[in-house]
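Contents: one structure, followed by commentary.
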Amino acid sequence: MTRIADPAGVLPASIVLEHAQIVQADRVVARPLAFVAGRVAGRLPVAAPRIDLAGHLVVPGLINAHDHLQLNTIPPLPHAQVFPNSYAWVAAFAPHFQNPAVAAAVGVPSALRHWHGGLKNLLSGVTTVAHHDPWHAALDDPAFPVGLVRGLGWSHSLGLGHTHAAAAGLPRYGPPVCASFAATPAQQPWIIHLAEGTDALAAAELAQLDALGCLAANTLLVHGVGLTPTDIDRVIERGAAVIWCPASNLEMLGRTLDPGRLQAAGRLTLGSDSRLTGARDLLDELLVARAHSHLALPELLRLVTADAGRLLRRPDLGQLAPGSPADCLIVRQTSADPYQSIIGAQRRDLRAVVRAGQPLIADPDLAEWFGLCGSAATPVRLDGRPKLLARALARPELLALEPGLELEDGSV
């Protein structure tokens, strides 16, 4: 049982995690970790509640570099064959809207669907998401489950935002490519789906983007399956990067890219995409990435922590350094290799997911932590395991959208 001690008998805006190992992409250290006013503290507070986490690992909150938050309740498109590119998938999906289950899912209020996308991410240890769609007012709610990368620029794709739409009979969607790129400050990321296919159309897209003047150091290309070796050279040379979504690639296209060179150059991060084509969550995405690459476990963790923060122009995220947001997840150490305990964990295995120093979902023996933060929690079951969920998130209409998550009787 984890022990929580409050030596001062008060509830300050600070807490100390002790006897755990702090696991980051480049190091593992055993030392106390203090959170003060929602940030990682450089010094331990003299009198603060202490949480004994012996046998546990504390990991920076994960960063999902690509999701469409409002799409995670929509049933995927059944298909017997893979598609040559994402535009063929878009065209095939149009009749799918006539499916009653799809129509019902689309009919759920947009604000609730955005909240569900945030909750889906939180349950898997994600504390920050790059949302690749129009901004919705629901994302500004202070109680929204995850943090968002704000100020980023985006266009959907060349096909829907620039060149291919009219010829292919596709709808225009999202900001126009060139206008969006020009309006995005150089110090903010600009994100676009690119080369999402295995055919000549996909293979030609990087050159087209470059000819438009939209390939720069702040350009993040989602998917990149059709990138050639020469294209990857150009991406690295320009200081651009790729957001890799292997589960989505395999589902839609039947293959994904080789991430080795991009990762070695520090030009790669990971996203789960939405459940329309992607994995259930970022933890499952890490397993797919592990199975379809030669990346070492610390390198995989780096994709969803430090490298994600750096490429999304939020270097304060994805680490547990003094001054960084107090965002983390906690797992039991189940292997001599701490990275093995993390890469392979499922969401029900997470002991706690913490934002700004406060647990939002945690195991029941950590109930006192909610009280120390002045917050309330509601008992739930996640994939059959008892948990406590911050009461602001335990709305029945929200939980009803997430398979494997349900309310239990009573509250704390």
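The values are calculated or read from the model by the stated rules, or taken from the named source; none is laboratory data. Treat the numbers as computed from the prediction; the structure is a model and nothing was measured. All Cβ positions, glycine included, derive from the backbone under ideal geometry; neighbour counts span all protein chains shown. All accessible areas refer to the heavy atoms of the entire protein, side chains included, with ligands and DNA or RNA removed. Shrake-Rupley method; radii C 1.70, N 1.55, O 1.52, S 1.80 Å.
Before moving on, here are some points about what is shown:
- Built amide H within the under 5 Å cut-off of L268, gap 5+: V242
- For the stretch 333-360, the residues whose amide N sits under 20 Å from a probe point set 7 Å from the Cα of A30 along the beta carbon direction are 333-342.
- Relative contact order (%) - criterion: Cα under 8 Å, at least six apart; region: the chain: 19
- Choice from V102, V126, V354 with maximal GNM fluctuation in the chain (Cα, 10 Å cutoff): V102
- Between T198, T230, T184, the residue with the greatest mean-square fluctuation in the GNM of the chain (Cα pairs under 10 Å linked by springs) is T230.
- Length-normalised contact order for the stretch 11-129 - Cα pairs under 8 Å, 6+ apart - percent: 27
- Among beta bridges that DSSP assigns inside the chain, antiparallel share in %, nearest 5: 60
- Accessible surface of the chain, 1.4 Å probe, proportion on carbon and sulfur as whole %: 57
- Within the stretch 10-94: Cβ-based charge dipole about Cα centre, in debye rounded to nearest 20 (Lys, Arg +1; Asp, Glu -1): 280
- Considering only V102, S341, G42, the residue lying farthest towards the positive end of the dipole of the chain is G42, judged by Cα position with unit charges set on Cβ.
- Since only I232, L209, A186 are under comparison, the one whose Cα sits farthest along the positive direction of the charge dipole of the stretch 154-236, derived from C-beta charges on Lys, Arg, Asp and Glu, is A186.
- In this structure the amide hydrogen of A25, modeled in the peptide plane, comes within under 5 Å of the amide hydrogens of A306, none closer than 5 places in sequence on its chain.
- Taking the chain as a Gaussian network of alpha-carbon nodes connected by springs under 10 Å, the highest mean-square fluctuation of the residues F35, F83, F97 belongs to F97.
- For the chain, with +1 on Lys and Arg beta carbons and -1 on Asp and Glu, the positive-most of A91, A289, I15 along the dipole: I15
- Based on C-alpha pairs under 8 angstrom that are at least 6 apart in sequence, the stretch 304-412 has a relative contact order of 17 percent.
- Across the stretch 71-77, rounded Karplus estimates of 3J(HN,Hα) from the backbone phi angles (6.51 cos²θ - 1.76 cosθ + 1.60, θ = phi - 60°) give 9, 7, 9, 7, x, x, 7 Hz, Gly and Pro being marked x.
- Ordering of 308-316, 271-279, 26-34 by packing [mean C-beta count within 10 Å, highest first]: 271-279, 308-316, 26-34
- Structure-derived semi-axes √(5λ) of the Cα gyration tensor in Å: which label, when the choices are [x] 34, 29, 21; [y] 51, 26, 17; [z] 37, 24, 18: [z]
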